[in-house]
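The structure under discussion appears below in the form of structure tokens.
The values are calculated or read from the model by the stated rules, or taken from the named source; none is laboratory data. The shown structure was predicted, so the numbers you read here are calculated from the model rather than taken from an experiment. Counting neighbours? That spans all protein chains shown, and the Cβs are built from the backbone with ideal geometry, glycine included. We work out accessible area using only protein heavy atoms, side chains counted, and drop any ligands, DNA or RNA first. Shrake-Rupley method; radii C 1.70, N 1.55, O 1.52, S 1.80 Å.
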Amino acid sequence: MTTAPPRARRVRQRSAVQPAHGRRHNLSLVLQSLYSTGAMSRADLARELGLTKVTVSDLVSQLLESGHAVELGPSEVVRPGKPATLVDVNRTGLQIIGVDLTAHEVLLAAVLDLDGNILARAERSIGDERGKQILDTLLDLVHEIVGAATAPLLGVGVGTPGLVGPGGVVSTAPNLGWTDVPLRDLLAEATQLPVFVCNDADAAVHAHYTLGDGGDDLLLVKIGRGVGCGLIVGGQRVRGAHFAAGEIGHVTVGTDGGAPCRCGKVGCLETWLSAPNLEKALAGATDDAPLREAGERLGIALAPVVGVLDLSEVVLSGPEHLLGDALLRAVDETLRARTLARPAEDLVVRLASDSTDIVLRGASVLVLWDQLGVA
């Protein structure tokens, strides 16, 4: 009898840290500290980061030269000697373009500052446009909003429905009529700026976590033209093996059939829960039964995820007149009925506080993360 050789353990390859990589890491640490804490002196930065004053002074000088940081003047803290000069991220001297492709009637774009505040807006109606028509409309919209910027642009962030693979390629977005669209490359060529593309629900959860009040273990469901969710577990966004984590819109819920979906299946969650389908269902209803049913279907889909990952927050983002009250209550009740009993405060089910611009703001976080290392 022969014994099979033991399976080799799969070890993740690690590359050596080059001096230049270490410097970029430290530059990112300085920017993250300033972004989260606010203006600080070089000495305070050195104490917070555990670096020498000479190192921090050198890093700050590089950030000032690149325009990523600015000096704000002397500190008001009274100490012996010359007042320290405060340094901060260049919050108003740099801008970002955010694009939201999730609304079912319009494409949205905005100029944002580094704190996620919207400075200018533009939009284009799309109606029943699909495929290349939407792409042409998008390029025109982005051209307009880039022209509305009043400061140097760090880049363009895009939140789109569908699956987004490596390189910013939209593998499939049934609601837009897109298959294998190289969106990042098309927009980068059109704008000559760095472009970052992700699923709209991932953009939304980035906004809620980085710019809002989201915790370290949350699931955010984004409801608009389609349905998707973004996941933060242990403070890290979950991507999945095929960059499709959170793609719940085309999960079938129940064994009782349902309406045909654009993807070709029957009974997808999206057929009950997308904003256009909810509006249609309500138009022919005499009460809020369509909202209660949609909420129950969503709760059924989310219960295994909430249970397996032990999440503490479920946040719904979308049109408040559709998601509030009846639908939200149905999601809450269904989740609690289908997961292990726990104290009410251990699982919070609520609406996002910033649904209107959540994808635009989340798209800007993508640019912040890549260009400044702020996350």
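Screening the candidates 230, 235, 267 for the property of being closer than 28 Å to residue 197 by Cβ and in contact with a strand residue (DSSP E or B) (Cβ under 6 Å, 6 or more places away or on another chain) yields one hit, 230. Report, by residue number, each residue of region 324-356 that is within 13 Å of residue 291 (Cβ to Cβ) and among the small types (Gly, Ala, Ser). Across region 324-356, the qualifying residues are 324, 326, 330. The one condition from (1) surrounded by fewer than 14 Cβ atoms within 10 Å (Cβ to Cβ); (2) of a type in the set (Gly, Ala, Ser); (3) on the phi > 0 side of the Ramachandran plot; (4) not assigned by the TED database to the domain that holds residue 56 that residue 125 does not meet is (3).
Quick grid of which residues meet (1) at pLDDT 90 or above; (2) open to solvent by 90 Å² or more (accessible area, probe 1.4 Å); (3) under 23 Å from residue 211 (Cβ atoms):
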{"residue": "6", "(1), (2), (3)": "no, yes, no"}
{"residue": "9", "(1), (2), (3)": "no, yes, no"}
{"residue": "24", "(1), (2), (3)": "no, yes, no"}
{"residue": "34", "(1), (2), (3)": "yes, no, yes"}
{"residue": "43", "(1), (2), (3)": "yes, no, no"}
{"residue": "54", "(1), (2), (3)": "yes, yes, no"}
{"residue": "58", "(1), (2), (3)": "yes, no, no"}
{"residue": "63", "(1), (2), (3)": "yes, no, yes"}
{"residue": "67", "(1), (2), (3)": "yes, no, yes"}
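Screening region 76-120 for residues that are closer than 22 Å to residue 199 by Cβ and open to solvent by 50 Å² or more (accessible area, probe 1.4 Å) and picking the one that is modelled with the highest pLDDT gives 105. For region 262-287, a residue qualifies if it is without any contact (Cβ under 8 Å) to a residue 60 or more places away in the chain and of a type in the set (A, V, I, L, M, F, W, C), and the qualifying residues are 266, 268, 269, 272, 273, 278, 281, 282, 283, 285. The criterion of at least 1 residues that are among the hydrophobic types (A, V, I, L, M, F, W, C) and in contact with a His (Cβ under 8 Å, 6 or more places away or on another chain) is met, among helices (runs of 4 or more DSSP H) falling completely within region 273-359, by 275-283. When residue 176 is tested against (1) closer than 12 Å to residue 135 by Cβ; (2) open to solvent by 40 Å² or more (accessible area, probe 1.4 Å), exactly one condition is not met: (2). Scanning region 154-173 for residues that are open to solvent by 40 Å² or more (accessible area, probe 1.4 Å) and farther than 20 Å from residue 264 by Cβ gives 166, 169.
Before we move on, is residue 191 open to solvent by 40 Å² or more (accessible area, probe 1.4 Å) and of a type in the set (S, T, N, Q)? Against the criterion (open to solvent by 40 Å² or more (accessible area, probe 1.4 Å) and of a type in the set (S, T, N, Q)), residue 191 does not qualify. If the condition is being among the aliphatic types (A, V, I, L, M), touching a residue at least 60 places away in the same chain (Cβ under 8 Å) and under 27 Å from residue 173 (Cβ atoms), then region 61-115 contributes 96, 97, 99, 101, 103, 108, 109, 110, 112.
Taking the listed residues 302, 273, 291, 298, the one that is farther than 28 Å from residue 165 by Cα and of a type outside the set (D, E, K, R) is 291, with no other qualifying.
Looking at 306, 367, 331, 314, which one is within 30 Å of residue 153 (Cβ to Cβ), surrounded by 21 or more Cβ atoms within 10 Å (Cβ to Cβ) and under 23 Å from the mean Cα position of the chain (by Cα)?
367
All of 259, 241, 245 fail the test of being in the same structural domain as residue 315 (by the TED database), under 25 Å from residue 355 (Cα atoms) and either buried (at least 20 other Cβ atoms within 10 Å of the Cβ) or among the aliphatic types (A, V, I, L, M) (or both), apart from 245.
Being part of a strand (DSSP E or B) and either surrounded by fewer than 24 Cβ atoms within 10 Å (Cβ to Cβ) or without any contact (Cβ under 8 Å) to a residue 40 or more places away in the chain (or both), is that true of even one residue in region 200-214? No, there is no match, as no residue in region 200-214 is part of a strand (DSSP E or B) and either surrounded by fewer than 24 Cβ atoms within 10 Å (Cβ to Cβ) or without any contact (Cβ under 8 Å) to a residue 40 or more places away in the chain (or both).
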